[in-house]
Every structure is written in structure tokens, then in C-alpha cells.
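The values are calculated or read from the model by the stated rules, or taken from the named source; none is laboratory data. Predicted model only: the values in this text are computed from it and were never measured. Heads up, the Cβs are rebuilt from the backbone with ideal geometry, glycines too, and the neighbour counts pull from every protein chain shown. Accessible surface areas use protein heavy atoms only, side chains included; no ligands, DNA or RNA. Shrake-Rupley method; radii C 1.70, N 1.55, O 1.52, S 1.80 Å.
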Amino acid sequence: MTPGPTPIPESVIRAMSDCQIHHRSNEFKEIFKTASEGLRGIFETRQDCLIIAGSGTATMDATVSNFFSSSDRMLVVRGGKFGERWAEIGEAYGLDVDAIDVEWGRAVDPEIIRTRLKNNSYAGVFFQASETSTGASHSTETIARIVKEEQPETLVVVDGITAVGCMPVRTDAWGLDIVLSGSQKAFMLPPGLAFLTASDRAWDRTKSSDLPKYYLNLSIERKKQQGGQTAWTTPTALVLGLVKALEMMHQEGLDHIQQRHHALSEACRAAAQAVGLGLLAQDAPSRALTAIHCGDGLDAGAIIKGLREDFGIRVAGGQEHLKGRILRIGHLGWVDDGDILRTISAMERVLSNIGHSFDCGAGLQAAEEKLRELSL
Ligand SMILES: Cc1ncc(COP(=O)(O)O)c(C=O)c1O
């Protein structure tokens, strides 16, 4: 129950074991094309969806180095660890980075982005659709609309690593220029693959980009992938797993998947509040995870340890200044009502064990009510 890596279905594990196929064979090319095609549906785009061997950060890095140039100015929404990462990558490549600092746990006010755009010119606006370090979700659709209204040439760059496949990220319909995700999140795979899709106007920028790139040269990668191959050796096992995972996702249907994540996140939030804990991301929560604030008297580390040692349930802790203060329960990917109820029940037991006073059973009841109300 962490916000990645997430649980892997048995059928995906079995699919990955059939990995004796050579990555340059015609048989594998067909498999690869099936995976690319399946990703288009989940990213809600008609554009190519590239499959990159690497973790999510590889595509963040490649986004900056391929679609931007050294003289570019970028606007970053910095409301957590991953927003910081956009800024760090931009600085590493020598871009002029301008950031909007957002209190961790809050979503950016899109009007602040508008104001910046009115007064400055940017090559791209970078943000997280789901900021995994805080559990907050920045409003992708509204930000994209504002960028189009204020500076139509500016690229809208969305880190959708824990958003795609959990919550609406309508790449084409909302005019998103670059959208990223990773295998170990809603895609129910082990870590090792990252995904990226880009608009025509973003691809145009690659022609003038002057930043160094070699392994992650996306123009070369795109050309190769259009023929069913990757530029370098393909992690074939992961692609076989991806085909199976995408088949499962398409069978369930994107709307249903998103509704399931909505129900799970509402249930988790309701349970946390019912047992007297706080929510870090109150106003705009991500559907991928719930960041629970423990308040002054409770040590989040003790809850995390109790869940792991007494119940075999792994949840994530806080990062940086939130270490020891929050726990992050992931509910993305191969997660259902039973997983959430088991986690809440275990959390209640741990809370009693460490002396937290609350109405025993209230969390479970609150979660159950939300699941009944919202599950399809
Ligand atoms: C929103 C977000 N962006 C970027 C990353 C970095 O991805 P990776 O750790 O796969 O490189 C993560 C990882 O959790 C993430 O959640």
C-alpha cells in the first residue's frame, strides 16, 4: 500500500516469465506495437506513447533535454519533492528556472500561474497532476486552459506519474503537450519502464533543442518505436507484462478504473478523519494516495512500523520536513475495497496499540460507507 511500487497481479507476473523472445524479432515487434497502442487509450491521446527503459525520472530528464533549449525559461510549480525535481533538472541543464512555491499539501492556485504568464514569457509550464510527496493534485485541466489563454506557444508539461490511470488526464482533449508516467504506479508492473507522450508542437521543439542527449534522445526513440522497436535493448519482460496489464486495464475500462480510485481515496480519507487523524492535502487530494497527518502527539514512524511488523502492510512515510509527521497510504493500481478495509482495520489496531484514543471501528465504518456509496 505504497504509492509505488504497487502490487503486481499474478497474470502480469506470469506474462513476464515468457521472456525468451528476442527484442529485434518480428514477433516482438508486434508485441511492442500492441503495448504502444494500449498506452494511447490510457493516456487518452492519438499521439505516440514512447516506452522508455528507466524510471519515471528518466522521462522527466528527457522532457527537459529534448523539448527545451539552454536559453529557455521554465515555470515550475514547486509544491513537493517532485515539483522540486522539475526545477533541479531544469537547473542541471542550465535553463532559467522560475518557480511558484506552494505549501506542501496544497494545490497551486491556477490564477498565480496566470499572473506569472502575464508578466513573463516561458517555454514551458511544469507541474505534477498528482504530487506524490504530499498527496495533492494540481488542477491539470485548468492550468492547461490558462496557459493556452495567456501564452498559447508555451508547452504544458504534466508529470502524470501517479495520475495517469488513476484520475482524469485527458492529454488531447485538454491540450497537454507532454505527459509522463511510470510502470510501477497505476500500470501494475515492477519499476523499470517510463512512458511519455508529446504533442506535435512539442515534437517541433526537438528540432531546435540544443541540450545534450544521447541515451534519451527521444527523436531517435520515436522513429524506432514507430517500427515496433526501441533504440537500445528493450526490457522485453517488462513489455510483456505491460501488454497484459494494459489488457486488464482496457477490460476494466478507464472510467471504471478512475471511479475505483476515487472510491478508494474517499474511503481512505474518511477513515483517517474518523479515527482523529488529519489530511495533509485537504482541498485537492490525489486519487492515487492519501497523506495522513498525525498531529503533534503521534509519531507517524510508529504507525508505519506497526503496520509493517504486525500486519505485513507497507505504507510510505513523509519526505524531507514531513518525515515522522505523515504517512502516505497508496491506493493505486491493483488495489480494491478489500485492500483498503484491511489497511484501515490494521491501522486502527496499531493506533490502539500505541495509545491513540479514538472511537474504535469508526475508521472501518467510515471507509465502508464511502465504498458502498461510491463503488460501481
Ligand atoms: C509524481 C512523481 N514524479 C516523479 C517520480 C519519480 O519517478 P521514479 O522514482 O520512477 O524515477 C515519482 C516517483 O514516485 C512520482 O511519484
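Against the main long axis of the alpha-carbon atoms of the chain, helix 254-274 sits at an angle near 40°. Averaging Cα coordinates gives a centre for the range 11-44 and one for the range 292-311; these two points are 40 Å apart. About its Cα centre, the dipole of the range 218-337 is roughly 480 debye, where the only charges are +1 on Lys and Arg Cβ and -1 on Asp and Glu Cβ. On C-alpha positions alone, give me the angle between the axis of helix 300-311 and the longest principal axis of the chain, in degrees, nearest 10. Tilt of helix 300-311: around 80 degrees. When exposed loop sites are taken as trypsin sites (Lys or Arg not before Pro) in a DSSP loop with at most 14 other Cβ atoms within 10 Å, the longest stretch of the chain clear of them is 47-206.
If you average the sequence gap of Cα pairs under 8 Å that are 6 or more apart and divide by the length of the range 73-174, what percent do you get for the contact order?
The value is 29 percent.
Ligands, DNA and RNA excluded, the heavy atoms of Thr142 present near 40 Å² of accessible surface to a 1.4 Å solvent probe.
Among the lysines of the range 126-276, pairs that are 8 or more positions apart or on different chains and have alpha carbons within less than 26 Å of each other number 9. Taking amide H as placed 1.01 Å from N in the peptide plane, the amide H of Ser133 sits under 5 Å from that of Lys81, Phe82, each at least 5 places away or on another chain. Normalising the average separation of contacting C-alpha pairs (under 8 angstrom, six or more residues apart) by the number of residues puts the relative contact order of the chain at 23 percent. First check a/c for the range 24-135, with a ≥ b ≥ c the square roots of the eigenvalues of its C-alpha gyration tensor; if it is under 1.5, answer rounded, and if not, answer prolate when a/b is larger than b/c or oblate otherwise. Here the range 24-135 falls in the prolate category. Across the range 38-45, computed HN-Hα scalar couplings (Karplus, 6.51 cos²θ - 1.76 cosθ + 1.60, θ = phi - 60°) run x, 5, 3, x, 6, 7, 6, 9 Hz from first to last residue, x flagging Gly and Pro. For the chain, the fraction of C-alpha pairs more than 36 angstrom apart is 23%.
Loop-resident chymotrypsin sites (Phe, Trp or Tyr not before Pro) (DSSP state other than H, G, I, E or B) in the range 205-285 with no more than 10 further Cβ atoms inside 10 Å of their Cβ: Tyr214.
Distances between placed amide hydrogens fall under 5 Å for Gly182 paired with Phe195, all partners being 5 or more residues away or on another chain. DSSP finds beta bridges in the chain, and of those with both partners inside it, around 55 percent are antiparallel. Of the GluC sites (Glu not before Pro) found in the range 249-327, none is in coil by DSSP with at most 15 other Cβ atoms within 10 Å of its Cβ.
Looking at the range 303-376, none of the chymotrypsin sites (Phe, Trp or Tyr not before Pro) sits in a DSSP loop with at most 10 other Cβ atoms within 10 Å of its own Cβ. Pairs of Cα atoms nearer than 8 Å and 6+ residues apart set the relative contact order; for the range 7-151 it is 19 percent. Backbone amide hydrogens, once placed in the peptide plane, bring Asp72 within less than 5 Å of Asp96, excluding anything fewer than 5 places away on its chain.
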